[in-house]
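Below is one structure, written out as structure tokens; comments come after it.
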Amino acid sequence: MRREIHTWHSPRLNKNMEIAMYGHFGFALLLLPTAAADYLEYERFQMLNVLEPLIDAGKVKVFSINSINAEAWLNNRMNPRHKAIRHQQFNAYVENEVVPFIRTHTSENTPIITTGASLGALHAANLFFRRPDVFAGTIAMSGVYDLTAYTKGYFDEDVYFNSPCHYLPKLEDSYLLEKLRQSGHIHLLSGSGDYEDPDAARRLSGILAAKGIPHELDIWGTDIKHDWPTWRSMLPYYLSSRF
């Protein structure tokens with residue numbers, strides 16, 4: 001499996017940011033880390049091992065980036081307003097730096113699917129729902145899609161517009177709604193075991209259904225826990241069966 005590491009200084013985040021790239025061909029899969037993890041988290045937890053057959057077959061080309069969660073919602077010493085600003089800077093980094101990088105290493109027309117687990121699922125889904133003109137879909141695993149679950153009571157406009165359970169019900173932009181309805185790749189996955197919150201996926205599913213946005217809600221059993229074995233089962237299954 002081809003593997004490359006790239007680094008550049010992000011002007012939007014004012015720090016060096018790494019990205020790991022795996023494979024040669026296929027649609028682009030953008031991995032968002034869990035919690036405060038880094039761009040090699042998926043590799044350390046053997047996700048790339050289970051994806052390797054799909055990568056080597058040219059079905060998918062994988063891009064894994066750093067999170068800045070430790071500099072935002074997971075930083076208990078940070079002013080909440082500054083956390084919201086940092087979150088917006090991260091969005092700008094992905095949209096204006098990571099996406100062009102992916103385009104350079106694929107093509108202008110290659111679909112980009114976002115994915116992540118836990119807090120990474122919220123980021124993956126949010127990036128797609130905000131910009132369905134840029135991203136082609138999302139595979140969100142074991143996520144909570146109400147950002148206030150992480151803000152400790154803080155709420156402002158930036159929280160609102162990064163919390164899918166808040167902004168999607170009121171989304172009326174016909175262009176964005178049509179893009180969302182045409183995607184064909186909105187997959188909300190959750191287990192029902194320890195530390196999973198399947199109702200979070202059900203709530204988001206209900207919002208999407210009310211807006212007429214086709215999607216797939218897939219709730220796995222009570223033996224499916226909030227942990228890496230779950231996500232190592234979910235992601236390759238969906239990549240091989242839905243794409």
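The values are calculated or read from the model by the stated rules, or taken from the named source; none is laboratory data. The model shown is predicted, which means the values in this text are computed figures rather than measured ones. Note: ideal-geometry Cβ built from the backbone for every residue, glycine included; neighbour counts use all protein chains shown.
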Taking segment 229-241 and keeping residues surrounded by 13 or more Cβ atoms within 10 Å (Cβ to Cβ) and either closer than 19 Å to Val60 by Cβ or modelled with pLDDT under 95 (or both) leaves Trp231, Arg232, Ser233, Met234, Leu235, Pro236, Tyr237, Tyr238, Leu239, Ser240
Output the residue which, of all residues in segment 95-112 that are β-branched (Val, Ile, Thr) and either under 14 Å from the mean Cα position of the chain (by Cα) or not in a helix (DSSP H, G or I) (or both), is surrounded by the fewest Cβ atoms within 10 Å (Cβ to Cβ). Thr110
Check whether at least one residue in segment 123-131 is outside any helix (DSSP H, G or I) and either in contact with a helix residue (DSSP H, G or I) (Cβ under 9 Å, 6 or more places away or on another chain) or surrounded by 18 or more Cβ atoms within 10 Å (Cβ to Cβ) (or both), and report yes or no. yes
For segment 197-218, which residues satisfy the criterion of being within 19 Å of Tyr237 (Cα to Cα) and assigned to a loop (DSSP other than H, G, I, E, B)? His215
Of the conditions (1) closer than 27 Å to Val62 by Cα; (2) more than 19 Å from the chain's Cα centre (by Cα), Phe129 fails just one. Which one is it? (2)
Considering only residues that are among the hydrophobic types (A, V, I, L, M, F, W, C) and in contact (Cβ under 8 Å) with a residue 60 or more places away in the chain, look in segment 189-243 and name the one that is nearest to Leu176 (Cα to Cα). Leu204
Inside segment 147-167, can you point out the residues that are without any contact (Cβ under 8 Å) to a residue 40 or more places away in the chain and in a loop (DSSP other than H, G, I, E, B)? Gly153, Phe155, Phe161, Ser163
Condition test on Ile186, is it of a type in the set (Val, Ile, Thr), more than 17 Å from His123 (Cα to Cα) and touching a strand residue (DSSP E or B) at 6+ places or on another chain (Cβ under 8 Å)? no
